[in-house]
Amino acid sequence: MTVRVRDYMVLEVEHFNRSTTVGEAIDRLSKSRHHGLPVTDGEMRLVGFVSSKELLRHADDRTLPLSEIIRPGTYTATPEMALDDVARIMFRYGLRDLPITDGEGRLCGVISNLDIVRSHFERASPAKAETLKNLLSERYQLPFSSRRGLVPIATLCPTQWKVFEDELEGRRYELERGFAEPVLVVQKGDQWILVDGHHRALAAQEMGLQQLQAFILTCDKPHEFSQMETGFERLAREHHLHRLSDIQIDRASHHPLIEVTTQLLRRFDPSETPPLPPDRDP
């Protein structure tokens, strides 16, 4: 199945009018998270794109309209284009954002390189579900099926007893911006066993969400499966995990991913004793 631009493009697009002045554009762009924005005419037809670099070059001419500084035309895509094709275009030309236009040249959306990254994460999730389905089938000698659907957050049974505050904050940020990578759940009767996505689920619950997208694995022979205790259930029982509220939030340590990617932000003080390598006793 081909993934299209329309599946991931943002519909509510910030943009400038061609009559917007350089000064107005600088003021608006400096308060946004964007590095540039599309420029349209009075009927929302796309006429160009203005970047922060172009505005910087004309910062002394704040009263000039954008129509006098932008080059006419820009790279664009349509909602029906394959997302992988658009990703190649953005990579080749070093684009952060790509305006999306309809058949009449009107601006109808925008796709960013972050949307491309999000799509790859979400498309990787089915592979996780398929791997777990095969593992369960092999381990318990029973057939399993998978589907995508919504699961009730309040009744999820966790299988991970600790999460990290910094990663939890990152998941909140993603959810607020529409990055809803599905969690992975095993349904056993009326029990929803959360296998993967504990940070996502806890962040969603803290944000007041009631349901979450998930890949749901179910046994095709539910009666036989109900007689067994899975390793996931045993793990939850041993750590007294019943609801997401039973998960410990580690506010002192870094998630391993954050620990690795922020290591250059720390500065070693020569007066301090150097930290021991991992897995070494004092």
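Under 14 Å of direct C-alpha separation, and excluding same-chain neighbours fewer than eight residues apart, Lys128 reaches these aspartates and glutamates: Glu181, Asp196. Amide H to amide H distances under 5 Å link Cys157 with Trp192, Ile193, Leu194, where only residues 5 or more positions off or on other chains count and H is placed in the peptide plane.
For region 82-222, the alpha carbon convex hull comes to 153 Å³ per residue, rounded to a whole number.
Taking amide H atoms as placed 1.01 Å from N in the peptide plane, the amide H of Phe164 lies under 5 Å from those of Asp250, each 5 or more residues away in sequence or on another chain. Dipole magnitude for the chain: computed about the Cα centre from +1 point charges on Lys and Arg Cβ and -1 point charges on Asp and Glu Cβ, it is near 320 debye. For region 87-138, the Kirkwood estimate of hydrodynamic radius, built from reciprocal distances between every pair of different alpha carbons, is 13.5 Å.
In the chain, helical runs assigned H by DSSP with n ≥ 4 each contribute -39500 (n - 2.57); averaged across all residues and rounded to the nearest 500, the mean residue ellipticity at 222 nm is -10000 deg cm²/dmol.
Farthest towards the positive end of the charge dipole of region 142-261, among the residues Cys219, Gln191, Leu244, is the Cα of Cys219, using unit charges on the Cβ of Lys, Arg, Asp and Glu. Of all DSSP beta bridges confined to region 142-261, the antiparallel ones make up roughly 60%.
Legend: ranking of residues His223, His242, His199 from fewest to most surrounding C-beta atoms inside 10 Å; resulting order His223, His242, His199. Bridgeable lysines around Lys31 (alpha carbons under 17 Å apart, same-chain partners fewer than 8 residues away excluded): Lys53.
Here the Gaussian network model covers the chain, with springs between Cα atoms less than 10 Å apart; of Arg118, Arg200, Arg177, Arg177 fluctuates the most.
Applying 1/(1 + (r/R0)^6) with R0 = 30 Å to the Cβ-Cβ distance of Arg147 and Ser32 gives a FRET efficiency near 0.15. Remark: the Gln191-Lys162 segment gains 8.4 nm on full extension, using 0.36 nm per residue and subtracting the alpha carbon distance.
Evaluated at q = 0.21 Å⁻¹, a Debye calculation over the C-alpha positions of region 142-261 (equal weights, vacuum) places log10 I(q)/I(0) at -1.20. Annotation for region 3-53 versus region 155-204: alpha-carbon center distance of 34 Å.
Considering only beta bridges that DSSP places wholly inside the chain, some 70 percent are antiparallel. Residues Trp161, Trp192, ranked from the fewest to the most other C-beta atoms within 10 Å, line up as Trp161, Trp192. Note on the chain: semi-axes of the ellipsoid equivalent to its C-alpha gyration tensor, largest first and rounded to whole Å, are 45, 27, 16. Out of every Cα-Cα pair that region 5-115 contains, those further apart than 18 angstrom amount to 47 percent.
With neighbours defined as other Cβ atoms within 10 Å of a residue's Cβ, the residues Met1, Met9 order from fewest to most as Met1, Met9.
Values quoted throughout were computed directly from the atomic coordinates according to the rules given, and no laboratory measurement underlies them. On a predicted model such as this, the values are computed, not experimentally measured, just so you know. When we count neighbours, we look across all protein chains shown, and the Cβ atoms used for this are built from the backbone with ideal geometry, even at glycine.
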